[in-house]
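Asker: This is the structure I have questions about; it appears just below.
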Amino acid sequence: MLVLENIWYKDIIRNVSLTHSKGILAIIGPNGAGKTTLLKIIAGSIKPDKGVVKTPKRIGASWQNPYYSFYRSTVREEVELAYKIAGKKGDPLELLRAYGLERLADKSPYRISMGEARLLSIALTLIWDPDLVLLDEPTTGLDYFEKGKLASILWGLGKPVIIASHDLDFILRVSDYVAVMHKGEILVYDHVFNVFYSRILEKIGFPLPPAVLVGEALGRRIRCAEECLS
Ligand SMILES: Nc1ncnc2c1ncn2[C@@H]1O[C@H](COP(=O)(O)OP(=O)(O)O)[C@@H](O)[C@H]1O
Ligand SMILES: [Mg+2]
């Protein structure tokens with residue numbers, strides 16, 4: 001269980017309180033709102049000036065620049081290393097296949113695309129079997145199909161996840177709960193539908209995802225416009 005109580009950090013995080021124990025929590029907000037800083041406080045890499053942070057023991061994080069999480073000369077070796085560190089046995093190719101990355105096994109992790117690198121960094125984080133998963137802007141560089149892959153991986157995880165993102169379409173699709181951050185404060189925390197279908201986002205100048213406009217026109221709370229086609 002994650003508990004944040006009255007967290008302050010410089011003038012970047014202002015009196016943030018938050019708890020999260022299961023499902024997917026999204027922290028959304030414009031650039032500079034303080035999302036990354038808050039994730040770093042949760043991960044323990046920044047110590048807040050004031051407040052209480054209680055976290056599960058094992059936290060796995062995939063940061064904004066996925067290339068920083070690589071050390072080896074091939075993608076396969078990167079996965080082998082992650083298994084070794086985790087003290088687990090596993091078939092690197094099988095794992096890469098689950099993420100649609102097996103064709104990259106012998107390539108340098110520094111010479112794969114941003115989307116591929118991001119999926120690889122998330123895969124490596126999950127090998128460690130963390131009790132809480134932190135993902136910072138996980139959809140940057142991902143195409144439509146990679147985003148779908150990431151969504152199904154997150155749904156199948158069965159462990160608490162916190163995503164910092166300004167990709168509202170993706171967040172509406174995958175999240176259970178949403179915290180809206182603005183200038184270091186959490187303005188709203190609620191179920192994803194209550195946040196997206198309440199005009200709160202409009203009030204703070206965020207564009208409504210197309211799915212919300214379609215959903216409102218149909219009088220249904222939907223997560224993505226494709227739902228109406230099925
Ligand atoms: N190490 C730092 N020292 C001082 N200010 C920082 C530092 N890191 C980020 N900031 C500032 O803090 C604010 C929040 O940044 P950040 O947490 O990266 O926001 P977000 O992830 O929501 O875009 C920004 O104004 C940013 O310029
Ligand atoms: Mg950020």
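The values are calculated or read from the model by the stated rules, or taken from the named source; none is laboratory data. Computed from a predicted structure; not experimentally measured. Heads up, the Cβs are rebuilt from the backbone with ideal geometry, glycines too, and the neighbour counts pull from every protein chain shown. Heads up: the accessible areas ignore ligands, DNA and RNA and are worked out on the full protein's heavy atoms, side chains in. Shrake-Rupley method; radii C 1.70, N 1.55, O 1.52, S 1.80 Å.
Asker: Provide the net charge surrounding N6, with neighbours chosen by a C-beta distance below 13 Å and charges set as Lys +1, Arg +1, Asp -1, Glu -1. Spell out each step's value before the answer.
Answerer: Numbers: positive: R14, K50, K54; negative: E5, D49, E185.
Counting the neighbours of N6, the net charge comes to 0.
Asker: Another question, if that's okay. I'm checking a number: the convex hull volume of the Cα atoms of the stretch 14-144, normalised per residue, in Å³. What is it? List each step's numbers first, then the result.
Answerer: Numbers: hull volume 16.7 nm³, N = 131.
Measuring per residue, one finds 127 Å³ for the Cα hull of the stretch 14-144.
Asker: Further question: Translational diffusion coefficient of the stretch 65-129 at 10 °C, 1.306 mPa s, Stokes-Einstein with Kirkwood Rh over Cα pairs, in µm²/s as a whole number.
Answerer: Working: Rh = 11.3 Å.
Translational D for this selection: 140 µm²/s.
Asker: Please quote Rg/Rh for the chain to two decimal places, taking the Kirkwood radius as Rh and restricting both calculations to Cα atoms. Display every interim value, and only then the final one.
Answerer: Numbers: Rg = 18.0 Å, Rh = 18.4 Å.
Rg/Rh: 0.98.
Asker: Moving to a separate point now. Place the peptides 27-33, 207-213 in order of packing, highest mean first, counting for every residue the other Cβ atoms within 10 Å and averaging per peptide.
Answerer: On the way: 27-33: 19.6, 207-213: 16.7.
Listed from highest to lowest mean packing, they are 27-33, 207-213.
Asker: Take K57 and R111, extend 7 Å from each Cα along the Cα→Cβ direction, and tell me the distance between the two endpoints in nm.
Answerer: 4.1
Asker: With +1 on the Cβ of every Lys and Arg and -1 on the Cβ of every Asp and Glu, and nothing else charged, how large is the dipole of the stretch 65-129 about its Cα centre, in debye rounded to the nearest 20? Walk me through the numbers on the way to the answer.
Answerer: On the way: 10 positive and 9 negative charges, 18 e Å.
It works out to roughly 80 debye.
Asker: Separation between the R97 and W155 pseudo-spin-labels, each 7 Å from Cα along Cα→Cβ, expressed in nm?
Answerer: 2.2
Asker: A follow-up question, please. Give me the accessible area per residue for the chain, probe 1.4 Å, as a whole number in Å². Numbers along the way, then the final one.
Answerer: On the way: 11260 Å² over 230 residues.
Counting only protein heavy atoms, the per-residue value for the chain is 49 Å².
Asker: Next question, about the same structure. Report, to the nearest whole %, how much of the accessible area of the stretch 75-230 belongs to carbon and sulfur atoms, 1.4 Å probe, protein only.
Answerer: On the way: 3960 of 7340 Å².
Carbon and sulfur atoms account for 54 percent of the accessible area of the stretch 75-230.
Asker: Once you put a point 7 Å from the Cα of D169 and another 7 Å from the Cα of W128, both along the Cβ direction, what distance in nm separates them?
Answerer: 3.1
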